[in-house]
Every structure is written in C-alpha cells, then in structure tokens.
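Chemist: One structure, as structure tokens, below. Some questions next.
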Amino acid sequence: MKPRTATFAVSASEPTGFPPPTLPEIAIAGRSNVGKSSLINALCSVSGLARTSRTPGRTRLVNWFHIDASNMPGAVGRLGQLHLIDLPGYGYADVPMAMRASWQPLIEAVLAQRPTLRAVVLLLDIRREVEQEEIDFAAWLTDRKLPLVVALTKADKLGKAQRPPVAAAAKRALGLRREPVLCSAQDDFGRDELWRAMAAAALPPRP
Ligand code: GTP
Ligand code: MG
C-alpha cells in the first residue's frame with residue numbers, strides 16, 4: 001500500500017511558521033531516535049522524504065508532508081489528501097538543554113492548537129519499556145479527546161516470538177483498548193496495518 005504522492009510541504013521552528021490548517025493532519029510523536037522520520041518514509045515508500053539520522057535529535061523543526069492517499073484501498077483511501085507531521089523527538093537527545101527546552105512548546109503547539117489534527121501516532125521502540133513520560137503523554141491526549149495510535153517500531157530487532165508479550169505489556173501500561181501496531185521501517189513490516197489503524201483513528205465514524 002503506497003500513497004499516490006508524498007511530498008515535503010513546510011518546516012516550522014515556531015507556531016507563526018505553521019501552515020494554514022486546511023488538511024486533516026496526523027502527527028507522529030515519540031522519543032528522539034525512536035524512528036519517526038524513518039517510519040514516515042516507510043509509510044510513503046519514499047526514502048529520504050523525511051531526514052533520518054543515527055544521532056538522536058535529528059528533527060529539530062516540525063515538518064509537514066503532503067500526502068495523497070486517495071488511491072489506497074478501503075478506509076485508508078478515504079483519508080484523501082492529508083498532512084503527516086514529523087515532530088521533533090522528546091527525551092534524552094544529546095543536544096544542549098536550551099535547545100531541548102525550545103522544542104517542548106513547539107510540540108505542544110502542534111498537539112494543542114491545530115484544529116485540523118485528527119490523530120497522533122505515538123511510536124515506541126519495541127526494545128524499551130514504556131516510560132512514565134509516555135504514560136503521561138497518552139493520558140494528555142486522552143484528556144484532549146485526541147485519538148491515539150500506538151506503534152512499536154524496530155520490530156526487526158526482536159524475534160517474532162518475543163514481540164507479542166511486549167505488545168501486551170505496552171497495551172497494559174498505557175491502558176489501551178487495542179494492541180499497539182508492530183512495525184519496522186527497515187523492512188516495511190506492519191506498514192499497511194499502521195495505515196489502517198491511522199485511518200480508523202483519524203476518520204469520523206461512518207453513519
Ligand atoms: P529524531 O528526529 O532525532 O527525533 O529521530 P527519529 O525518531 O526521527 O528517528 P530516525 O527515523 O531518524 O531514526 C533513528 C535511527 O533508527 C536511524 O539510524 C534509523 O536508521 C534507525 N531506525 C529507524 N527505524 C528503524 C527500524 O524500524 N528498524 C531498525 N533496525 N532501525 C530503525
Ligand atoms: Mg526525525
């Protein structure tokens with residue numbers, strides 16, 4: 001499953017640079033280096049669309065990507081034209097404290113102030129335990145009635161048999177109704193399932 005087009009739209013370092021809220025938006029959030037930018041490239045089947053790096057803290061701006069998903073099957077196609085938002089990572093980025101402090105309000109501005117934001121994908125590294133920061137983040141979204149999709153990425157780093165217990169533990173820790181989506185940007189594992197979960201979260205319920 002691959003969108004018809006996926007192109008870079010705009011970068012912003014502060015809310016005044018955000019694009020006008022015209023298209024439905026899905027934001028990708030998570031700890032620095034978890035694989036947010038890589039996952040956007042995998043979802044779009046365009047390598048290098050979002051810049052990735054081995055060094056945590058690569059994405060320091062908020063980046064918007066314009067996606068035409070209208071060619072995709074089923075509910076995913078009903079997403080039509082949308083924006084995927086690549087957020088800077090939170091957490092233990094090896095960058096100066098002052099710079100980190102400047103990201104938090106930027107991330108919050110996207111999550112709290114975009115009338116077009118339809119859903120948030122929270123990415124977790126399948127090899128890490130869910131941390132308090134992520135529990136708080138999920139609760140914060142729930143308070144704001146923002147639909148949340150949780151995905152465990154870098155699944156390629158664990159054997160197949162080791163994955164289900166991790167998914168169950170993450171579901172429990174975050175109080176989710178559904179199991180997190182298992183995925184990997186390395187081999188596109190879980191990509192279609194993640195598109196479907198994103199569509200289910202972002203689309204209004206059908207009458
Ligand atoms: P920041 O922008 O710094 O917040 O990072 P990010 O969350 O955008 O992570 P990014 O996509 O830049 O990936 C970080 C590192 O993890 C890179 O070295 C990627 O190649 C690697 N990576 C990302 N996804 C996967 C995956 O599914 N499997 C494996 N094995 N490596 C991955
Ligand atoms: Mg990034």
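Chemist: Any residue that is of a type in the set (D, E, K, R), at pLDDT below 95 and more than 27 Å from residue 155 (Cα to Cα) - is there at least one of those in the stretch 6-24? Even if it seems obvious, please write down each step before you answer.
Modeler: If we filter the stretch 6-24 for residues that are of a type in the set (D, E, K, R), which is where we start, we get 14.
Subsequent filtering for residues that are at pLDDT below 95 retains 14.
From the residues that got through so far, the ones that are more than 27 Å from residue 155 (Cα to Cα) too are 14.
Scanning the stretch 6-24 turns up at least one residue that is of a type in the set (D, E, K, R), at pLDDT below 95 and more than 27 Å from residue 155 (Cα to Cα).
Chemist: Name the residue that is nearest to ligand 2 (Cβ to nearest atom), counting only residues in the stretch 193-207 that are assigned to a helix (DSSP H, G or I) and open to solvent by 50 Å² or more (accessible area, probe 1.4 Å).
Modeler: First, the residues of the stretch 193-207 that are assigned to a helix (DSSP H, G or I): 193-202.
Applying the additional criterion that residues be open to solvent by 50 Å² or more (accessible area, probe 1.4 Å) yields 193, 196, 200.
On the way: 193: 22, 196: 23, 200: 25 Å.
Ranking the candidates gives 193 first.
Chemist: If I go through the stretch 153-170 residue by residue, how many of them are assigned to a loop (DSSP other than H, G, I, E, B) and either β-branched (Val, Ile, Thr) or surrounded by 14 or more Cβ atoms within 10 Å (Cβ to Cβ) (or both)?
Modeler: As a first pass, look at the stretch 153-170 and keep what is assigned to a loop (DSSP other than H, G, I, E, B): 154, 158-159.
Now narrow it down to the ones that are either β-branched (Val, Ile, Thr) or surrounded by 14 or more Cβ atoms within 10 Å (Cβ to Cβ) (or both): 154, 158.
Going through the stretch 153-170 one residue at a time, the tally reaches 2.
Chemist: Report, ordered by the first and then the second residue, all pairs with beta carbons closer than 6 Å, sequence separation of six or more or different chains, a first member in the stretch 109-121 that is without any contact (Cβ under 8 Å) to a residue 60 or more places away in the chain, and a second member that is open to solvent by less than 10 Å² (accessible area, probe 1.4 Å) and of a type in the set (Gly, Ala, Ser).
Modeler: Here the result reads none, with nothing in the stretch 109-121 linked to a residue that is open to solvent by less than 10 Å² (accessible area, probe 1.4 Å) and of a type in the set (Gly, Ala, Ser).
Chemist: Residues that are under 14 Å from the mean Cα position of the chain (by Cα) and within 8 Å of ligand 1 (Cβ to nearest atom), at least 1 per element: which strands (runs of 3 or more DSSP E) completely within the stretch 1-81 meet that? So that I can check it myself, show each step before the final result.
Modeler: On the way: elements: 5-12, 25-30, 62-68.
Because the criterion is at least 1 residues that are under 14 Å from the mean Cα position of the chain (by Cα) and within 8 Å of ligand 1 (Cβ to nearest atom), the strands (runs of 3 or more DSSP E) in the stretch 1-81 that meet it are 25-30.
Chemist: Only one residue in 107, 126 is more than 13 Å from the chain's Cα centre (by Cα), within 12 Å of ligand 1 (Cβ to nearest atom) and open to solvent by less than 50 Å² (accessible area, probe 1.4 Å). Which one? Spell out the reasoning first.
Modeler: Details: 107 fails: more than 13 Å from the chain's Cα centre (by Cα).
Within the list 107, 126, the selection yields 126.
Chemist: Across the stretch 171-187, what is the number of residues that are surrounded by fewer than 16 Cβ atoms within 10 Å (Cβ to Cβ) and either within 16 Å of ligand 1 (Cβ to nearest atom) or basic (Lys, Arg) (or both)?
Modeler: 5
The values are calculated or read from the model by the stated rules, or taken from the named source; none is laboratory data. Note that this is a predicted model, so its numbers are computed, not measured. Here the Cβ is made from the backbone with ideal geometry for all residues, glycine too, and neighbour counts use every protein chain on show. Side chains included, ligands, DNA and RNA excluded: accessible areas come from the protein's heavy atoms. Shrake-Rupley method; radii C 1.70, N 1.55, O 1.52, S 1.80 Å.
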